[in-house]
1. Any residue in segment 158-167 that is closer than 23 Å to residue 213 by Cβ and exposed (fewer than 13 other Cβ atoms within 10 Å of the Cβ)?
2. Pairs only if they're at least six apart or on different chains, beta carbon under 9 angstrom, first in segment 354-368 and touching a residue at least 24 places away in the same chain (Cβ under 8 Å), second among the hydroxyl-bearing types (Ser, Thr, Tyr) and away from the ligand (no atom under 16 Å from the Cβ); list them, first residue then second.
3. Consider only pairs whose beta carbons are under 9 Å apart and that are at least six residues apart or on different chains; among these, list those whose first residue lies in segment 84-97 and is in contact (Cβ under 8 Å) with a residue 60 or more places away in the chain and under 14 Å from residue 492 (Cβ atoms) and whose second residue is of a type in the set (Phe, Trp, Tyr) and surrounded by fewer than 21 Cβ atoms within 10 Å (Cβ to Cβ).
4. Any residue in segment 94-110 that is away from the ligand (no atom under 16 Å from the Cβ) and either acidic (Asp, Glu) or touching a Cys at 6+ places or on another chain (Cβ under 9 Å) (or both)?
5. Mind listing whichever residues of segment 418-475 are touching a helix residue (DSSP H, G or I) at 6+ places or on another chain (Cβ under 8 Å), crowded, with 18+ Cβ neighbours inside 10 Å and under 15 Å from residue 237 (Cα atoms)?
6. I'd like the full set of residues that are among the aliphatic types (A, V, I, L, M) and either assigned to a loop (DSSP other than H, G, I, E, B) or within 16 Å of the ligand (Cβ to nearest atom) (or both), limited to segment 345-354.
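The values are calculated or read from the model by the stated rules, or taken from the named source; none is laboratory data. These numbers come from a predicted model, not from an experiment. Here the Cβ positions follow ideal geometry from the backbone for every residue, glycine too, while neighbour counts run over all protein chains shown.
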Amino acid sequence: MWFTRKSKVLASCIILGAASAAALFAWPPKAKVVQSNAADLVVVNGNIRTLDAKQPRAEALAVNGGRISAIGSNDEIRKHIGPATEVIDAKGRLVLPGFNDSHVHFTAIGNQFSHLDLREVRTREQIIQRVKEYVEIVPRGRWIIGAGIPEDVQFENTAVLDAVSPATPVLLYYSIPKRAAVNAAALKAGRLNNEKAVVADDEMTWVRSAVPRDHATNWAEIAETASNLAASLGVTTVQDVHSDDLAELMNSLDRQGKLKTRIYDCIGIEKYREAIARGLKAGSGNSMVRGGCVKGMTEGAEDEIEELTPIVTAADKAGIQVALHAIGGRSVSGALTIFENAAKANGIGDRRFRVEHAARLRNADIPRFARGVFIASMQPFLFYGGPEYGDDYAAMSAAGVKLAFGSDASMIDLNPMLGIHAAVNSGRRSVSVEEAVRAYTVGSAYAEFAENEKGTLAVGKLADLAIHSDDIFTIDRVRIKDVRTLLTVVNGRVVFRAG
Ligand SMILES: [Zn+2]
């Protein structure tokens, strides 16, 4: 580490010339040696909304060692540009903290890309477009397998598929699956020496037999796929409530440099004894892969409340965070009763119990959330009912409820703009754009005990951010759903660039 830094200093000095070189060898070194300021990455010309009350707006920021090292005006931040600094010109676009989705099923998101449904597609151009979308998300080399090509669509040779997928094999069955369209990479994998793009009979069998048997169960590839999709949507953290205990897999992806998304992993509450024995603690782990949460569900029945109260109390006493899935008035009331019981039994503490969904709740229960400092982990787009029907985010916000927003992908699209769109287009139940963005960043960071590390853009915070196509704070709010992410940074590293 020290050596790297030193050689960087030396390299910079050679560029800066003799005067600076002389300064380097003078001892003690002058305090204003430029190199110590040089950032790994800077963003300039940004319309930056930091969500940090001390400095809500900025033009530019600098990143060092994966954390924000300075934030301010273009002039201030340009001083941090050294010869090795990656400079990103935001061109006046909106820059926000990375989105933190408080409720996803991570591997299910990746597994959506294990199959490409072409039944609704009519033309060859549409097929090519869908393949192109998959190529942008799946890891290089992971087969793209689809079905449903209309019988009248022709592929004379592999050229059109090769143009969008030169390296990743493509195998697309026709609607009558007796033949399939393939690209050159698939032919090569099937050891076929022809240039025909449509295979049948034995040739189709050969190509098919080259598809890895674990195509839909290779969890490392599937998680990497989900991570690529998250990066393309400006999502820099996900909270995985799929209960499949992925920490080890995620850590290994991270070591290979393939993890572009921080993850907070919730395991099933039925494993609470094992979790206690393991010494699991809320918000524990490294900065990429964390855990310490167990998730269960309740429908609010009396016997369920009795059964869950001691379990939740025991987990909480051991320092584990508890999340309960609850939808509908009785369920949410039941979850709150369980949490209140456990809090009473264990006394004052920073426990951050979470109600997952908290949808269609009784208005009378809103103050109970605020009183208990219980988190409402909500998915505005999943439960979107338009202006006339939906959850009352405005009332919850006014009551001081801790809101964390997410999607519930793969049940629904992972795109956070849809959730923000729903939360601000719900008539009198809407929150402001700022409140919605806050729930998708600061609020969800709080929900995973990470508000000191992420959620805002401020000096010392992790460098997770994204640049978006339009300013959602000023455009017509009915257009928010169409806003795209142009560039995403996780841990100071560019993990996605549109186009
Ligand atoms: Zn869910």
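1. yes
2. Here the result reads 361/333; 362/333; 365/333; 368/333; 368/337, each pair linking segment 354-368 to a residue that is among the hydroxyl-bearing types (Ser, Thr, Tyr) and away from the ligand (no atom under 16 Å from the Cβ).
3. Close Cβ pairs (under 9 Å, with a partner that is of a type in the set (Phe, Trp, Tyr) and surrounded by fewer than 21 Cβ atoms within 10 Å (Cβ to Cβ)) do not exist here.
4. Scanning segment 94-110 turns up no residue that is away from the ligand (no atom under 16 Å from the Cβ) and either acidic (Asp, Glu) or touching a Cys at 6+ places or on another chain (Cβ under 9 Å) (or both).
5. Across segment 418-475, the qualifying residues are 437, 439, 440, 453, 454, 455, 456.
6. 348 - this is the single residue of segment 345-354 that is among the aliphatic types (A, V, I, L, M) and either assigned to a loop (DSSP other than H, G, I, E, B) or within 16 Å of the ligand (Cβ to nearest atom) (or both).
Conditions tested, residue by residue: (1) over 28 Å from the mean Cα position of the chain (by Cα); (2) of a type outside the set (A, V, I, L, M); (3) not assigned by TED's automatic domain parsing to the domain that holds residue 441.
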{"site": "311", "(1), (2), (3)": "yes, no, no"}
{"site": "318", "(1), (2), (3)": "yes, no, no"}
{"site": "325", "(1), (2), (3)": "no, yes, no"}
{"site": "330", "(1), (2), (3)": "yes, yes, no"}
{"site": "346", "(1), (2), (3)": "yes, yes, no"}
{"site": "353", "(1), (2), (3)": "no, yes, no"}
{"site": "356", "(1), (2), (3)": "no, yes, no"}
{"site": "361", "(1), (2), (3)": "no, no, no"}
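Table: residues versus (1) touching a residue at least 40 places away in the same chain (Cβ under 8 Å); (2) away from the ligand (no atom under 16 Å from the Cβ); (3) out of contact with any strand residue (DSSP E or B) (no Cβ under 7 Å at 6 or more places or on another chain); (4) under 25 Å from residue 241 (Cα atoms).
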{"position": "410", "(1), (2), (3), (4)": "yes, no, yes, yes"}
{"position": "432", "(1), (2), (3), (4)": "no, yes, yes, no"}
{"position": "441", "(1), (2), (3), (4)": "yes, yes, no, yes"}
{"position": "445", "(1), (2), (3), (4)": "yes, yes, no, yes"}
{"position": "460", "(1), (2), (3), (4)": "yes, yes, no, no"}
{"position": "480", "(1), (2), (3), (4)": "yes, yes, yes, no"}
{"position": "483", "(1), (2), (3), (4)": "yes, yes, no, no"}
{"position": "489", "(1), (2), (3), (4)": "yes, yes, no, yes"}
